[in-house]
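Structure record follows, encoded as structure tokens.
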Amino acid sequence: QEGARIEKAVSQLWAEAAAQRNAFYERSARSLQRVATKLQAFTRGLEDRVREKTDSLHAERERLAALYEASASVAHSDSLQTLAQVFVRQVRRVAKADAAMLRWADAERQRYALLASDCLPQEMLEQERCLDVGNCHCGQAEALAGTRIIPILSKVKATTCERHGFAHVASVPVRLHE
């Protein structure tokens, strides 16, 4: 009898020790899981910040390269037409636009004349060579001209831009400084 009681007590001790050992391991595993989750979140945040900074530096490098290229082109341009064409190409590339154009404002005759363009469809070039003030989203009177992003949302008659697949137009007045 005494041996059976001792054996039962030893079995209970082993069972309690195993239960406590399992509880300890479970608590330890949960703690380690929380630490791993926090480290993962920290690492993800750090990776995101590095990616954002890398993207920012890449964009800045592109802008500086475009500025350098434009500066070099200005020095080698032999005409206003060549200079305007280089300028439009650079603006389109830096803005990541599908196309770009530069218009010369003739305030006296209330018209805009196309000076240079890059990646515009030929048909659009022919239609847009000379534009009366107010006949287009981007052809505003000089006094009202300002930098704008214009969504192309014609409900009645499709505009030239819309017919050629453009969804937005950025209008940026460039003034000559003398």
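The values are calculated or read from the model by the stated rules, or taken from the named source; none is laboratory data. Quick caveat, the model's predicted, so the values are computed rather than measured. For neighbour counting, all protein chains shown are included, and Cβ atoms are generated from backbone atoms with ideal geometry for every residue, glycine included. The area values use the complete protein model at the heavy-atom level, side chains included, leaving out ligands, DNA and RNA. Shrake-Rupley method; radii C 1.70, N 1.55, O 1.52, S 1.80 Å.
Couple of notes before you dig in:
- No other residue among 34, 92, 111 is over 30 Å from the mean Cα position of the chain (by Cα) and under 24 Å from residue 168 (Cα atoms) apart from 111.
- Qualifying residue in region 11-27 (condition: assigned to a strand (DSSP E or B) and open to solvent by 70 Å² or more (accessible area, probe 1.4 Å)): no
- Selection count, region 57-93, where residues are open to solvent by 70 Å² or more (accessible area, probe 1.4 Å), among the aliphatic types (A, V, I, L, M), touching a helix residue (DSSP H, G or I) at 6+ places or on another chain (Cβ under 9 Å) and touching a residue at least 12 places away in the same chain (Cβ under 8 Å): 1
- Scanning region 102-123 for residues being out of contact with any Phe, Trp or Tyr (no Cβ under 9 Å at 6 or more places or on another chain), more than 18 Å from residue 67 (Cα to Cα), modelled with pLDDT of 85 or more and open to solvent by less than 60 Å² (accessible area, probe 1.4 Å) gives a total of 3.
- Residues of region 142-161 classified as open to solvent by 100 Å² or more (accessible area, probe 1.4 Å) and either modelled with pLDDT of 65 or more or of a type in the set (Asp, Glu) (or both), total: 4
- Residue under evaluation residue 130, criteria (1) under 28 Å from the mean Cα position of the chain (by Cα); (2) hydrophobic (A, V, I, L, M, F, W, C); (3) at pLDDT 75 or above, criterion not met: (1)
- The selection criterion, being of a type in the set (A, V, I, L, M, F, W, C) and at pLDDT below 85, does not hold for residue 41.
- In region 97-127, the residues that are more than 17 Å from residue 167 (Cα to Cα), touching a residue at least 24 places away in the same chain (Cβ under 8 Å) and not in a strand (DSSP E or B): 107, 110, 123, 127
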